[in-house]
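The values are calculated or read from the model by the stated rules, or taken from the named source; none is laboratory data. Remember, predicted model here, so these are calculated numbers, not experimental data. No Cβ is skipped: glycine too gets one built from the backbone with ideal geometry, and neighbour counts run over all protein chains shown. Remember, those area values only see protein heavy atoms, side chains included, never the ligands or the DNA or RNA. Shrake-Rupley method; radii C 1.70, N 1.55, O 1.52, S 1.80 Å.
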Amino acid sequence: MTKTSFAQQQGNTTSNINDLNNKQHVNHENPFQISNQALNYAASTHLHPIKLECEPTMKDQRTAAKFIQQFFKYIEKDFYQQNITQQKPIGFEQWWIDKEGNIQGITKVIDLYVFLCNPQRYPKEINNFKITPHPPKHLPPQRSVILKWIKNSISCNELKEELEIKFKSIYSIRDIIGTINTRNRHVRIDFQDETEYNTILNSGYVPIYGQLIECDEFLPAPKLLICSKCNTPGHAKKACQISQIDLCRRCGKDRNDKENHSSCEIKCHHCGGAHTSTDYSCPFIQKYRRELVLELRNRPDLLPAEAQLFLPTECRENGKEQKY
Ligand SMILES: [Zn+2]
Ligand SMILES: [Zn+2]
Ligand SMILES: [Zn+2]
């Protein structure tokens, strides 16, 4: 099985779970203390808001509230038909009227988010407001797959044609910037349908023009809480006990010392390397991230029931082959 809920995953390792009781957990094998604040931050879902452009523009909260109520009434039937296992009521966890007078809302429910990624599912008009949907460009990582080492001679469109013979719910196909070299690159594919997502992941390979292409989960790094005062991960600025002054991310000196800190030398104050001190390539930040992931694996209670934890390859226990 490729995909298991994090809580299930951890079922057999409950003996590892420490009774933290909101204390900081000190792991004696590493110099980091992973605070609950950092864990909560990393465990929470970070999905983009869904935007509903309104014509005429939305002016007051009460009209907006009625609008949103009607909006969910409209999509409800369709939604439950498509997500038979969903029984909870649907709605935004948070919404607001943005500066342009449009509605923006946040949901952490992956099924609802995926549903709203398709503009055809939106009503054209609610309570005399015309709606132009702005669905997100990507589905959440929980529906994203990486195809690896695709030859540059095969375009994303050709890839799409090949894949659509077998898969009907492809939402988007994009090159992953940063993986492109002279011969090949990785490509990210988002699926609207969870079954198709599982099918492709479970098979592990997919044939493209007769060649088997390796596929894997798309794994974004867990979000790191990094202090903007001392540039160290694990706490927010308000809770900083490391530095009295704001440290420059480039040179590591006092950011307010009247020097020009947009052109100072880039020398990481954690490790001395030629990168800024909040860069993910810094060995210090990477080490922290590894500890954070290890700690998160022991804290399934922090993750919502339906959450899956995405582990960077380097953080997987038994190397690359193991799936979570
Ligand atoms: Zn700090
Ligand atoms: Zn500086
Ligand atoms: Zn560094």
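What number comes out for accessible area per residue over the range 170-286 if the probe is 1.4 Å? Units Å², please.
55 Å²
Keeping all protein chains in the complex and leaving out DNA, RNA and ligands, what accessible area do you get for K130 with a 1.4 Å probe, in Å² to the nearest 10?
120 Å²
Bin width 5 Å, alpha-carbon pairs only: give the P(r) of the range 50-134 as whole percents, running from 0 to the bin holding the largest distance.
Over the range 50-134, the share of Cα pairs per 5 Å bin runs 3, 14, 29, 27, 16, 8, 2, 0 percent.
Give me the distance in nm between label points sitting 7 Å out from Cα along the Cα-to-Cβ direction at R121 and S228, one decimal.
3.4 nm
For N260 and K287 in one chain, what is 0.36 nm times their gap in residues minus the Cα-Cα distance, to one decimal in nm?
6.7 nm
Not counting ligands, DNA or RNA, and with a 1.4 Å probe, what is F129's accessible surface area in Å² rounded to the nearest 10?
20 Å²
Evaluate E = 1/(1 + (r/R0)^6) for T132 and I165, where r is the Cβ-Cβ distance and R0 equals 30 Å; express this FRET efficiency to the nearest 0.05.
0.35
Computed from the mean reciprocal separation of all distinct C-alpha pairs, what Kirkwood hydrodynamic radius does the range 141-217 have, in Å?
So the Kirkwood estimate lands at 12.3 Å.
So between K253 and L294, what do we pick up on full extension, going 0.36 nm a residue minus the alpha carbon distance?
11.6 nm
Just going by the charge dipole of the range 100-255, with Lys and Arg at +1 and Asp and Glu at -1 on Cβ, which of L224, G105, I189 is farthest out on the positive end?
The residue sitting most towards the positive pole is L224.
Between I106 and D301, with labels modelled 7 Å along Cα→Cβ, what's the label distance in nm to one decimal, could you check?
2.4 nm
Let me check the size of the range 139-281 from its C-alpha atoms; what are the radius of gyration and Dmax in Å?
Radius of gyration, then largest Cα-Cα span, for the range 139-281: 21.4, 62 Å.
Multiply the residue separation of N152 and A274 by 0.36 nm, subtract the distance between their alpha-carbon atoms, and state the gained length in nm to one decimal.
Length gained between N152 and A274: 40.8 nm.
As an exercise, use a Förster radius of 35 Å and the Cβ-Cβ distance of A65 and A236 to find the FRET efficiency, rounded to the nearest 0.05.
The formula returns an efficiency of 0.65 here.
Which FRET efficiency value, to the nearest 0.05, do you get for I84 and I176 by plugging their Cβ-Cβ distance into 1/(1 + (r/R0)^6) with R0 = 30 Å?
That gives a FRET efficiency of 0.35.
With a 1.4 Å probe and all protein chains left in place, how much accessible area per residue does the range 75-162 have, in Å²?
56 Å²
Hand me the trypsin sites (Lys or Arg not before Pro) from the range 169-232 located in a DSSP loop with no more than 13 other Cβ atoms within 10 Å, in residue order please.
In loop regions of the range 169-232 (DSSP not H, G, I, E or B), the sparsely surrounded trypsin sites (Lys or Arg not before Pro) are R183.
Suppose every Lys and Arg Cβ carries +1 and every Asp and Glu Cβ carries -1, with no other charges. What dipole size does the range 35-184 come out with about its Cα centre, to the nearest 20 debye?
In debye, rounded to 20, the range 35-184 gives about 160.
May I ask which residue of Q142, N157, L201 lies farthest towards the positive end of the charge dipole of the range 141-217, with charges of +1 (Lys, Arg) and -1 (Asp, Glu) on Cβ and the Cα centre as origin?
It is N157, whose Cα lies furthest towards the positive end.
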